[in-house]
Amino acid sequence: MQRILIIRLTAMGDVAMTSPVLSAACRQYPNVQFDVLSEPFFEPFFEPLPNLHFIGTNIRKSGEGVRGLWKLYRKLSCNNYDLVLDLHDVLRTKVLRIFLSKISGIKTYVIDKGRREKSALIIDNGKPKHQLKPTIQRYCDVFAKAGFSIALSGAYMPPMHSPIDPDKHKNKLWVGVSPFAQHAGKVYPLNKMKEVVRQLAAKGVDVFVFGGGQKEKQIAEEWEAEIDGCQSVIGKMKLKDEMGLMSNIDCMVSMDSSAMHICSLFGTRVVSVWGATHHYAGFLGYQQKESDIVSINLPCRPCSIYGNKPCKYADYRCFDIAPETIVERVLSVNMA
């Protein structure tokens, strides 16, 4: 049995996007052992399969630098890997690759992130912009270079147990709302998103607010207190339980963020709201529909691939989207 190491350490959405690829690979190549190296928190993204083994590492947070990477290499080298596939390609994984390839002689394959294409995408030069290769396809390309062609069709995780009893919400739509993101260029104004929640709840929809962090928890609980039919799940569930709920809701309203990718693992429809970033960069959720995207076409979009650059107009006009537009899109998705 061949044994292959797959490396993708962060971020949450990017790690989630590896799941359909690994799931398909495991099923299509049952005689290959696939080991996934990532942060321990992300283990629930990978369904239990006989030839899938998860290896958790906190190397990014350890503060040990090269010494920590050397210790990790020593641990991994005992597994006698035949191949290493680096789906991350950052400094940490490059150093680890050097150890594995130069010292242990293991052949390595690395993702092409298309950095030059993405840089060209954010230049406001008046030229038409076009769709770049989806990130999940870039993952598949690494497998293909290593000799493992992957067919992704229908590669969803099965629904997980919902921590909220469906009998308490009979004959109602369940809609998740994940209004937060790491960078301002990805966050639809929270006063507008609150109005989205209010309008959905007024139509008899049960709304569940997802997110992380104390500030986000406080905001979500304020919405919960003010709006009947709104429930915050922030800080009340482990990741696995949140995934269980996401796998059972009818629709998610999400930014260009990890919630979109987690829902995509189960085939849950996502109405995604895009501001400074653009789905052309390849980060739309797995098998999500472009028709479910809510955005405005502006010459300055995208001004950033990750939403981490300040708006040059200082007003984030890319989010000049009426709450009613999002509400209508959600209801149209659930009537389809």
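Tabulated values for the structure
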{"item": "Residue tally, condition open to solvent by 40 Å² or more (accessible area, probe 1.4 Å) and touching a strand residue (DSSP E or B) at 6+ places or on another chain (Cβ under 9 Å), over region 51-78", "result": "2"}
{"item": "Pair list, Cβ < 6 Å and 6+ apart or interchain, from region 153-165 residues that are within 17 Å of CYS140 (Cβ to Cβ) to residues that are hydroxyl-bearing (Ser, Thr, Tyr) and modelled with pLDDT of 90 or more", "result": "ALA155/SER23"}
{"item": "Criterion violated by ASP256 - all others in (1) open to solvent by less than 40 Å² (accessible area, probe 1.4 Å); (2) under 26 Å from ILE123 (Cα atoms); (3) not in a loop (DSSP other than H, G, I, E, B) satisfied", "result": "(3)"}
{"item": "Cβ pairs under 7 Å, 6+ apart, first in region 229-242 and under 13 Å from ILE262 (Cβ atoms), second assigned to a loop (DSSP other than H, G, I, E, B) and open to solvent by 30 Å² or more (accessible area, probe 1.4 Å)", "result": "MET237/PRO163; ASP241/PRO163"}
{"item": "Sole exception among (1) under 24 Å from MET12 (Cα atoms); (2) assigned to a helix (DSSP H, G or I) for ASP167, by number", "result": "(1)"}
{"item": "Residue tally, condition assigned to a strand (DSSP E or B) and within 19 Å of ALA11 (Cβ to Cβ), over region 56-88", "result": "3"}
{"item": "The listed residue being assigned to a loop (DSSP other than H, G, I, E, B), in contact with a Lys or Arg (Cβ under 7 Å, 6 or more places away or on another chain) and either crowded, with 19+ Cβ neighbours inside 10 Å or among the β-branched types (Val, Ile, Thr) (or both), out of THR268, THR277", "result": "THR277"}
{"item": "Breaking point among (1) touching a Ser or Thr at 6+ places or on another chain (Cβ under 8 Å); (2) open to solvent by 20 Å² or more (accessible area, probe 1.4 Å); (3) farther than 26 Å from VAL273 by Cα, for LYS186", "result": "(3)"}
{"item": "Search result, residues across region 189-227 that are open to solvent by less than 40 Å² (accessible area, probe 1.4 Å) and outside any helix (DSSP H, G or I)", "result": "GLY204, VAL205, ASP206, VAL207, PHE208, VAL209, PHE210, GLY211, ILE227"}
{"item": "Subset of region 89-143 [part of a helix (DSSP H, G or I) and among the hydroxyl-bearing types (Ser, Thr, Tyr)]", "result": "THR93, SER101, SER119, THR135, TYR139"}
{"item": "Total residues in region 16-42, condition surrounded by fewer than 16 Cβ atoms within 10 Å (Cβ to Cβ) and under 19 Å from the mean Cα position of the chain (by Cα)", "result": "2"}
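The values are calculated or read from the model by the stated rules, or taken from the named source; none is laboratory data. From a predicted model like this one, the values you see are computed outputs, not experimental measurements. Ideal geometry is used to build each Cβ from the backbone, glycine not excepted, and the neighbour counts take in all protein chains shown. Heavy atoms of the whole protein, side chains included, go into the accessibility calculation; ligands, DNA and RNA do not. Shrake-Rupley method; radii C 1.70, N 1.55, O 1.52, S 1.80 Å.
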